[in-house]
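*Asks:* Structure below; questions to follow.
The values are calculated or read from the model by the stated rules, or taken from the named source; none is laboratory data. What you see is a predicted model; the values in this text were computed from it and never measured. Please note: Cβ atoms are built from the backbone with ideal geometry, for glycine as well, and neighbour counts cover all protein chains shown. Protein only, heavy atoms only, side chains kept; ligands, DNA and RNA dropped before computing areas. Shrake-Rupley method; radii C 1.70, N 1.55, O 1.52, S 1.80 Å.
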Amino acid sequence: MKFCTHSKIFSISLNMSETENNTTTPEDDQTEYVEDGKNKMTIKCQFCGSKILEKKTAKYIPQKKELPLMKQDVNRKEGEVQKEMLDGYYHVENMYIFENIGFTHQVESYKYLICADCDAGPVGYYDLDTKHSYVALSRVIHC
Amino acid sequence: MAKTYDYLFKLLLIGDSGVGKTSILFRFSEDAFNISFISTIGIDFKIRTIDLDGKKVKLQIWDTAGQERFRTITTAYYRGSMGIMLVYDVTNEKSFENIKNWIRNIEENASADVEKMILGNKCDLDAKRQVSKERGEQLAVEYQIKFVETSAKDSLNVEYAFYTLARDIKAKMEKKQEASNPPARSGAHQIKPNDPMRKPTSWLSRCSLL
Ligand SMILES: Nc1nc2c(ncn2[C@@H]2O[C@H](COP(=O)(O)OP(=O)(O)OP(=O)(O)O)[C@@H](O)[C@H]2O)c(=O)[nH]1
Ligand SMILES: [Mg+2]
Ligand SMILES: [Zn+2]
């Protein structure tokens, strides 16, 4: 029986004092989920288990970036999009690396990524300028 | 990076407005968390990975914009697509009649060897039906295109339809490849056209289990 972990508990100690030299610190490179800078485990949807990425296909990057909440408050102001800051993404250079994924229509210079099976999302975003995709570690599970 | 798949097929959903193209691609969902955000933006396309006779096949499935009419869909629209799902609504006579116009449009604008399949969607709405299954089948025979009735609502035959279309595209490509360079003697990779349909995995099934 495989055990899936949800990375709400995900925490990488970013040792700021050591990031001045450009080499990645062991903390970045080697964690519970990351091995040799890549996703050590299979990445799946946290709601339906649909497989999003095979293991070792995406590069971990310690970037902070806002994403719209998966559950928007029904009482929010009209037209308002509630967002949160997320830390840690998988960088997917070519969209065909994905096993199963959905792309929304364009919003500004992004398309949001959603689960291909249950449409839950955003689990990340696709940058139309670079054509690269980014999956937030905290929005998926590792199996 | 090494290629992680054997084939990549671009597929397009085409048909009159309201026949259910988006519903076929987008989950029929009452889940509160999507209604507010994702469904207001809408889905452009999906990437699916399926196993077809031991080959890893990536499907990129595109929805088409609501107000598009066959009059306005031109070459640019079809560019690169290898398979087209022609969708009509079994409760809407007009959408069925228009399939002929869609086929003509494809013939005029898409690449000549694009694979096609006809879907009679909303077959769950039997009480409101205007187009019998037999008429759908007749049309398909007339154009020599495969046909199946689907329900996006009950996710009936949707998965089957995509597997069938993908399988036909793959068979056509392999035939072409073989014609241009005949296979080695080993025979290990021979195509068996009558390979029995293997039961597909949970792909596109709306209630797939972990
Ligand atoms: N009962 C039933 N209703 C369906 C089915 N598929 C779609 N619908 C409904 O039909 C309506 C139109 O579906 P859409 O998926 O938006 O149709 P579309 O082809 O994308 O339409 P356009 O985007 O305008 O071209 C929606 O209200 C759907 O809920 C089905 O299989 N059964
Ligand atoms: Mg639509
Ligand atoms: Zn899902």
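*Asks:* Please state which one of B:I73, B:I84 is within 16 Å of ligand 2 (Cβ to nearest atom) and more than 17 Å from the chain's Cα centre (by Cα).
*Replies:* That would be B:I73, the only listed residue that is within 16 Å of ligand 2 (Cβ to nearest atom) and more than 17 Å from the chain's Cα centre (by Cα).
*Asks:* So which strands (runs of 3 or more DSSP E) stay within region A:27-72 end to end and still have 3 or more residues that are surrounded by fewer than 18 Cβ atoms within 10 Å (Cβ to Cβ) and of a type outside the set (A, V, I, L, M, F, W, C)?
*Replies:* By residue number, A:59-68.
*Asks:* Out of the residues in region A:125-140 that are in a strand (DSSP E or B) and of a type in the set (G, A, S), state the one that is nearest to the chain's Cα centre (by Cα).
*Replies:* Here the answer is A:A136.
*Asks:* Moving to a separate point now. Residue check, B:R48 against (1) modelled with pLDDT of 95 or more; (2) open to solvent by 10 Å² or more (accessible area, probe 1.4 Å); (3) within 13 Å of the chain's Cα centre (by Cα), all met but one. Which one?
*Replies:* Of the numbered conditions (1) modelled with pLDDT of 95 or more; (2) open to solvent by 10 Å² or more (accessible area, probe 1.4 Å); (3) within 13 Å of the chain's Cα centre (by Cα), the odd one out for B:R48 is (2).
*Asks:* Okay, moving on. Filter region B:1-24 for residues that are surrounded by fewer than 21 Cβ atoms within 10 Å (Cβ to Cβ), farther than 19 Å from A:G102 by Cβ and at pLDDT 90 or above and give the result.
*Replies:* Across region B:1-24, the qualifying residues are B:D6, B:Y7, B:S17, B:G18.
*Asks:* Looking at (1) away from ligand 3 (no atom under 16 Å from the Cβ); (2) open to solvent by 50 Å² or more (accessible area, probe 1.4 Å); (3) at pLDDT below 95, which one does B:E97 not meet, given that it meets all the others?
*Replies:* Going through (1) away from ligand 3 (no atom under 16 Å from the Cβ); (2) open to solvent by 50 Å² or more (accessible area, probe 1.4 Å); (3) at pLDDT below 95 one by one, B:E97 breaks only (3).
*Asks:* Give me the pairs, please: first residue somewhere in region B:37-63 and more than 7 Å from chain A (Cβ to nearest Cβ) and over 21 Å from B:L86 (Cβ atoms), second residue anywhere and within 16 Å of ligand 2 (Cβ to nearest atom) and open to solvent by 20 Å² or more (accessible area, probe 1.4 Å), beta-carbon distance under 9 Å, and either six or more positions apart or on two chains.
*Replies:* That search, which allows pairs on different chains as well, returns B:S39/B:F26; B:S39/B:S29.
*Asks:* Across region A:111-140, what is the number of residues that are facing chain B (nearest Cβ under 10 Å), open to solvent by 10 Å² or more (accessible area, probe 1.4 Å) and at pLDDT 95 or above?
*Replies:* Looking only at that region, the number is 3.
*Asks:* Additional query: Among the residues of region B:3-23, write down those that are closer than 18 Å to B:G83 by Cα, within 6 Å of ligand 1 (Cβ to nearest atom) and hydroxyl-bearing (S, T, Y).
*Replies:* Answer for region B:3-23, where residues must be closer than 18 Å to B:G83 by Cα, within 6 Å of ligand 1 (Cβ to nearest atom) and hydroxyl-bearing (S, T, Y): just B:T22.
*Asks:* Which residues, counting only those in region B:103-162, are open to solvent by less than 90 Å² (accessible area, probe 1.4 Å) and either among the basic types (K, R) or within 16 Å of ligand 2 (Cβ to nearest atom) (or both)?
*Replies:* B:K116, B:L119, B:N121, B:K122, B:R129, B:R135, B:T150, B:A152, B:V158, listed by residue number.
*Asks:* Considering region B:25-42 alone, what residues qualify as being within 9 Å of ligand 2 (Cβ to nearest atom) and either of a type in the set (K, R) or modelled with pLDDT of 85 or more (or both)?
*Replies:* Within region B:25-42, B:L25, B:G42 meet the criteria.
*Asks:* A follow-up question, please. How many of the residues in region A:83-92 are open to solvent by 40 Å² or more (accessible area, probe 1.4 Å) and within 21 Å of A:C45 (Cβ to Cβ)?
*Replies:* Result for region A:83-92: 3.
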